[in-house]
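So the structure is just underneath, and the comments pick up after that.
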Amino acid sequence: MSIQPVILSGGAGTRLWPLSRELYPKQLLNLYGEQSMLQETVKRLDGLSHAGAGSARDGQPEVLAPVIVCNEEHRFLVAEQLRQLNRQAEAIVLEPAGRNTAPALTVAAPVTRTAQHDPVLLVMPADHVIRRPERFHEAVLRGFALAAQGCLVTFGITPTAAETGYGYIRTGARCSLADVGDAAHYIASFVEKPDRKTAEQYLSSGEYLWNSGMFMMRASVWLEAIGRFREDIYKDCCQAITQAQNDRDFLRVGRDAFLACASDSIDYAVMEKVTRDGAAPADHQAVVVALDAGWSDVGAWPALLEISDRDDHGNVLKGDVVAIDTFDSLAFSQHRLVATVGLKDTVVVETADAVMVAHKDHAQKIKDIVAALKAQNRPQYQTHRRVYRPWGDYEGIDIGSRYQVKRITVNPGAALSLQMHHHRAEHWIVVKGTARVTRGDEVFLITENESTYIPVGVKHRLENPGSLPLEIIEVQSGSYLGEDDIVRFEDVYGREEHTRSLSE
């Protein structure tokens with residue numbers, strides 16, 4: 001029996017604003033480690049089939065290429081990050097909108113299961129940090145031994161503090177269904193995030209683990225369980241998979257069926273219903289495997305402060321930062337000098353278009369800033385000033401009442417769509433590389449220090465025929481400069497011809 005990793009990459013990471021944005025969320029960012037959190041999650045699988053103690057008696061399981069479930073807006077970013085790792089996914093399943101983890105897993109499970117193949121699913125969020133992967137591997141192989149026998153397995157983090165920001169799992173009797181030592185217990189109950197006093201009691205009792213949000217179970221076991229306990233989710237997801245279509249390297253689930261699906265987590269939909277306190281059905285055994293591997297869900301800025309190396313004053317300083325009389329604080333600079341004086345227990349995060357300052361005890365409320373920006377329809381909740389597209393990226397430089405200036409980078413061999421605009425003209429100036437330009441019936445090349453003009457209403461396309469990135473400065477002018485003034489006629493990336501997205 002094999003292990004089929006399922007990586008859930010649908011989170012928004014609103015409490016890590018302004019670095020995490022709706023269209024470029026935390027799992028795609030390099031917050032801890034050398035690569036993005038998604039990339040680190042994929043790499044965490046390396047060596048799993050060669051890990052040692054606690055594996056199934058009949059040999060090491062085969063670890064398959066991951067199935068990744070992500071929002072359709074992130075599809076090209078996810079694919080590019082896999083390409084950078086030189087990795088292939090078994091499938092990249094696209095959600096038209098987030099519906100929490102239970103529907104995400106329910107559309108992923110049928111992709112992995114056939115009449116001859118019923119793998120053990122290893123369900124991992126894409127935005128966690130695990131600093132000791134070898135211990136993670138050992139715990140996963142213990143979980144595999146239990147899941148192979150039909151158990152619904154989750155991983156509980158050995159608590160190191162009376163944390164009020166996590167849910168807890170109360171452990172029951174030791175599970176002896178497989179030879180995994182004292183690491184596995186039946187789940188007595190799931191517990192919501194406690195207050196400080198209750199968390200201290202949980203810690204001192206030794207009976208509680210933090211709820212990690214990672215799971216293992218056979219694909220057939222999950223589908224049977226979700227069908228039993230949340231038949232509505234099961235039916236909608238089955239319809240969404242029946243209506244799924246391949247789109248280049250992606251699997252697009254049926255949009256209407258998935259949008260009709262209720263939003264629920266794996267915990268609420270199934271796991272809480274099969275605990276011992278919940279009188280678990282005889283054919284469903286919920287088991288928790290203890291995991292002590294330097295885990296963090298990096299749910300808010302203070303979590304990054306806790307897991308990072310600090311200086312002599314207890315600070316974590318990233319980028320161009322000068323800190324005077326500053327203690328136990330995090331200062332993150334991306335684009336300019338950040339200077340702090342007389343701060344304690346403070347988080348300061350600077351990006352190209354926003355600066356956020358918060359006391360770390362109030363960091364959970366940063367999501368309220370995102371909600372306020374969204375209510376005001378301000379772009380900072382959704383995008384950075386630099387916006388990544390399948391062909392490269394663009395960055396806003398300046399904007400006025402009838403003009404806008406962008407810096408556009410086109411990857412080697414890439415091309416924007418053949419398109420036109422009803423309300424704006426564009427002037428392109430090449431600053432690096434060579435551009436192939438389609439303008440009406442003309443096709444021609446321009447190189448560094450050369451420019452061209454695209455009138456209103458004229459079909460046009462920008463391509464990079466070279467082996468180096470193409471950089472141009474684009475000056476837009478006209479009565480309306482919104483990104484929904486794009487009519488597409490051809491697109492190598494399969495995007496809609498008539499779009500209302502935020503990009504070209």
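The values are calculated or read from the model by the stated rules, or taken from the named source; none is laboratory data. Since the model is a prediction, treat every value here as computed from it, not as a measurement. Heads up, the Cβs are rebuilt from the backbone with ideal geometry, glycines too, and the neighbour counts pull from every protein chain shown.
General remarks:
- Per the listing G457, G482, the residue uniquely assigned by TED's automatic domain parsing to the domain that holds D393 and at pLDDT below 95 is G482.
- When segment 105-118 is filtered for residues that are surrounded by fewer than 24 Cβ atoms within 10 Å (Cβ to Cβ) and not acidic (D, E), the ones remaining, listed by number, are P110, V111, T112, R113, T114, A115, Q116, H117.
- Selection from segment 297-330 of residues that are over 20 Å from E350 (Cβ atoms) and crowded, with 18+ Cβ neighbours inside 10 Å: D297, G299
- Number of positions in segment 167-177 that are without any contact (Cβ under 8 Å) to a residue 60 or more places away in the chain and crowded, with 21+ Cβ neighbours inside 10 Å: 1
- In the set (1) exposed (fewer than 15 other Cβ atoms within 10 Å of the Cβ); (2) farther than 19 Å from M216 by Cβ; (3) at pLDDT below 95, L259 fails one condition alone, (3).
- Number of positions in segment 362-401 that are in contact (Cβ under 8 Å) with a residue 60 or more places away in the chain and assigned to a strand (DSSP E or B): 7
- Verdict on P469 being at pLDDT 95 or above and over 24 Å from A79 (Cβ atoms): no
- Exclusive hit being in contact with a strand residue (DSSP E or B) (Cβ under 6 Å, 6 or more places away or on another chain), closer than 23 Å to L122 by Cβ and either of a type in the set (S, T, Y) or at pLDDT 95 or above (or both), set V253, V289: V289
- Considering residues of segment 402-413 that are among the polar types (S, T, N, Q) and in a strand (DSSP E or B) only, the residue farthest from V456 (Cα to Cα): T409
- Failed item in (1) over 21 Å from R385 (Cα atoms); (2) of a type outside the set (S, T, N, Q); (3) modelled with pLDDT under 95; (4) touching a Ser or Thr at 6+ places or on another chain (Cβ under 7 Å), with E497 passing the rest: (4)
- Within segment 435-455, residues that are under 18 Å from I473 (Cβ atoms) reach partners that are polar (S, T, N, Q) and surrounded by fewer than 14 Cβ atoms within 10 Å (Cβ to Cβ) with beta carbons closer than 9 Å, at six or more positions or on different chains, in the pairs A435/T447.
- Taken together, T154, T160, T171 contain a single residue that is among the polar types (S, T, N, Q), in a strand (DSSP E or B) and out of contact with any Ser or Thr (no Cβ under 9 Å at 6 or more places or on another chain), which is T171.
- Identity of the residue in segment 1-22, at pLDDT 95 or above and among the aliphatic types (A, V, I, L, M), that ends up nearest to the chain's Cα centre (by Cα): L8
- Qualifying position, being in a strand (DSSP E or B) and in the same structural domain as C238 (by TED's automatic domain parsing), among V107, V123, V111: V123
- Flag if I187 is touching a Phe, Trp or Tyr at 6+ places or on another chain (Cβ under 7 Å), outside the structural domain of I307 (by TED's automatic domain parsing) and surrounded by 14 or more Cβ atoms within 10 Å (Cβ to Cβ): no
- Looking only at segment 137-166, and only at residues there that are buried (at least 24 other Cβ atoms within 10 Å of the Cβ) and among the aromatic types (F, W, Y), the one that is nearest to D297 (Cα to Cα): F155
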